[in-house]
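Undergrad: Structure in structure tokens, see below.
The values are calculated or read from the model by the stated rules, or taken from the named source; none is laboratory data. For clarity, every value in this text was computed on a predicted model and none was experimentally measured. Cβ: placed from backbone, ideal geometry, glycine included. Neighbour counts: every protein chain shown. Ligands, DNA and RNA are stripped out before the accessible areas are found, and what is left, the full protein with its side chains, is counted by its heavy atoms. Shrake-Rupley method; radii C 1.70, N 1.55, O 1.52, S 1.80 Å.
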Amino acid sequence: MKIFSDTIDILNQALDYSTTKQKVISQNIANVDTPNYKAQEVLPFKTILKNELKNTNHLSAQITNNKHIPFSSSENGTITIVKNNTQYNESGNSVDVDQEMTKLAENQIYYNALIDRISGKFQTLQSVIKGGK
């Protein structure tokens, strides 16, 4: 029997994504004056998978040993990529502070919305446990 709904699991995964994104953005901002530092970006795994499917038109896997992990499309997880193809100043640094600050504000709003939603779910559970009182 499951105590929590799938919604709480999805919200938890979204919070993990937002936390990772916050760390990467903060690291980019902290290294704005570091020579040759290349900005990083967090992408959801499903974005990477979609890009791969577009490029190959198919994605398949075959289990040849019972110790292999079953292949399935997972939407969990994130991938951090380095943006090597851009440079914003003569030191080779690729961090655009204005863009990073915008991403930081967007991520904060996203995070706060997730926290409000998960808080509401737990308040509902608390109400049910107390018998609606």
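Undergrad: What is the number of the single condition among (1) exposed (fewer than 12 other Cβ atoms within 10 Å of the Cβ); (2) within 22 Å of L11 (Cβ to Cβ); (3) modelled with pLDDT of 70 or more; (4) not charged (D, E, K, R) that N65 does not meet?
TA: Of the numbered conditions (1) exposed (fewer than 12 other Cβ atoms within 10 Å of the Cβ); (2) within 22 Å of L11 (Cβ to Cβ); (3) modelled with pLDDT of 70 or more; (4) not charged (D, E, K, R), the odd one out for N65 is (2).
Undergrad: With respect to Q40, is the statement that it is open to solvent by less than 80 Å² (accessible area, probe 1.4 Å) and either modelled with pLDDT of 90 or more or of a type in the set (S, T, N, Q) (or both) true?
TA: Answer is yes for this residue.
Undergrad: Any chance the stretch 77-96 includes a residue that's at positive phi and at pLDDT 70 or above?
TA: yes
Undergrad: Select from the stretch 23-33 the residues that are open to solvent by 60 Å² or more (accessible area, probe 1.4 Å) and in a helix (DSSP H, G or I) and list them in ascending order.
TA: K23, Q27, A30
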